[in-house]
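No value in this document is a laboratory result; all are computed from the given coordinates. Treat the numbers as computed from the prediction; the structure is a model and nothing was measured. All Cβ positions, even for glycine, are placed from backbone atoms using ideal geometry, and neighbour counts span all protein chains on display.
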């Protein structure tokens, strides 16, 4: 029986710089008292969290958090696991709750329209002509993505503004749906696309995780990378057998674990030749990227 409830959530909301240290301590104390483990990011632009613990503790945490009117009606995404997916409790104050590096993109003031998961499924079912844009990093995408999704080959989300300018001009006249793990990256990505002149931009509400909740794996190939010990979840939000290579920190799928290059704790197909790809960046992301990780995390995504 699954023992741990995993929740991820984010919200773009104004928090004054003076409030941040006190809010950080309050959230940290509550997490510790309720045996909640995971990461919460705070910034003047809002909150982003991926945490796990006993259901009773998380319900108490939600009640505590929602005593602040700014944090009511948070879009919680939930899943279950048999083990605690996080190692420690961290509440950090950051410049941004999802690193982007572009001034003037403030989802609190403006964000692109949200497309509900069931509506996206209908678009696929009916053969609607649209572009679906994966805003996640390349190592996440290799575990799975939507049918016909555009891979921008991002090493970090900070590359999105540059790569978005390279997208074909004809895309600007088509409906474009951005998506990520839990939705948070799309809040900024979709708004930036509008700024770049894309005429009809949507963000997948709740990201892949909410899509899985409502539609399963329909039109989705593979699994969803999540920023915790589970590594990946399938369309039923169940943990998969994908693991992280201890040497290079790349996800290794079940079939890849059968290759001679995979030696537990030593190497995988990504680093067997001596190269170590993305190790620092992935470690940073797992500490809390962009989901999670449903959001778009689970990653504050």
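Annotations
- Label-to-label distance, nm, for residues given as residue 116 and residue 95 (7 Å Cα→Cβ offset): 3.9
- The chain, helix-only ellipticity at 222 nm - DSSP H runs n ≥ 4, -39,500 (n - 2.57), divided by all residues, nearest 500: -7000 deg cm²/dmol
- Computed over the stretch 38-120, Kirkwood Rh from alpha-carbon pairs, angstrom: 15.2
- For the chain, the share of DSSP beta bridges that are antiparallel, to the nearest 5, is 60%.
- Calculated diffusion of the chain, Stokes-Einstein form, Kirkwood radius summed over Cα pairs, 20 °C and 1.002 mPa s, µm²/s: 111
- More than 21 Å apart - percent of Cα-Cα pairs taken over the stretch 158-273: 53
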